[in-house]
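Take a look at the structure set out below.
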Amino acid sequence: MKILVAVKRVVDYAVKIRVKPDKTGVDTQNVKMSMNPFCEIALEESLRIKEAGLAKEVVAVSIGPSQCVDTLRTGLAMGADRGIHVQSDSSFLPLTIAKILKSVADVENPGLVFLGKQAIDDDCNQTGQMVAALLGWPQATFASKVVLDKDKKFATVDREVDGGLETLCVDLPAVITTDLRLNQPRYATLPNIMKAKSKPIKKMTLEDLKVEVKSDIEIVEVTEPPKRKSGVIVSSVDELIDKLKNEAHVI
Ligand code: AMP
């Protein structure tokens, strides 16, 4: 069985983001970019499934500008067997990404597609669900545990829901999106970083995949959240109660 993992290049989680002066989006010039953390978890889980002897190949796919190759190299250094870079200088909304991933899945024919539950740049949390719908495959989102049966006919997935954990059984092929507590992704070792340089990355275009890009959504404006007022340190419980009662009027 082959596993396809979608890995997105995003602004590193530790970077304090800045909005562009013209409010058209977030400034990504001279900013550290990394693999989306939920995609790292998706890749780690795929590698563990392969290491358990339940998959033969892990293929990482990234859609975006030429720098996505760096993200794919990181994935190859973690252990993915090969990469697919769908080259485009435009940034796409989830439906277009989902259509592209569906076309890649049609070509690659994987038994499982893993995605992060969300990308930390746009926080959309839509792509996995849309890929599953377009492929007509079952989906298990927000996975915190994934177990494949030995015949690779189905996967048992624990999902994190508001009230606790829900356990689903999905027939394969399926789409799984990963939550934070699924695993702790590995670091790439130096020898593996070197080995990754010779692993293949196939380039594809939207024309190759016959995906038509059209969007019904227009981003009107991106603004920073309002500045929060700084807090105060109180010296006693009495002072706290006084402030809550007479200043904040909450008790
Ligand atoms: P989103 O629906 O945008 O929050 O993204 C959810 C997941 O979809 C991400 O964690 C990735 O696995 C995948 N994804 C989104 N955009 C891309 C992209 N440009 N390239 C590869 N994977 C992507």
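A short reminder: the numbers here are calculations on the coordinates, not readings from a lab. In this text the structure is predicted, and so the values were computed from the model without any measurement. Counting neighbours? That spans all protein chains shown, and the Cβs are built from the backbone with ideal geometry, glycine included.
Quick look at the numbers
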item	result
Listed residues Ser91, Ser235, Ser66, most fluctuating in the chain (Gaussian network, C-alpha, under 10 Å)	Ser235
Distribution of pairwise C-alpha distances over segment 2-224, 10 Å bins, in %	8, 34, 37, 18, 3, 0
Cα gyration tensor shape of segment 53-109, rounded if a/c is under 1.5, else prolate or oblate by comparing a/b with b/c	oblate
When each of Lys16/Lys245; Lys32/Lys203; Lys20/Lys195; Lys8/Lys145; Lys20/Lys210 is checked by Cα-Cα distance, pairs over 28 Å	Lys16/Lys245; Lys20/Lys195; Lys20/Lys210
Rounded if a/c under 1.5, otherwise prolate or oblate - segment 87-201, Cα gyration tensor axes	rounded
Low-density loop positions, GluC sites (Glu not before Pro), segment 151-251 - DSSP coil, at most 15 other Cβ in 10 Å	Glu212, Glu218, Glu221, Glu247
Chymotrypsin sites (Phe, Trp or Tyr not before Pro), loop per DSSP, at most 16 other Cβ atoms within 10 Å - longest free stretch of the chain	14-186
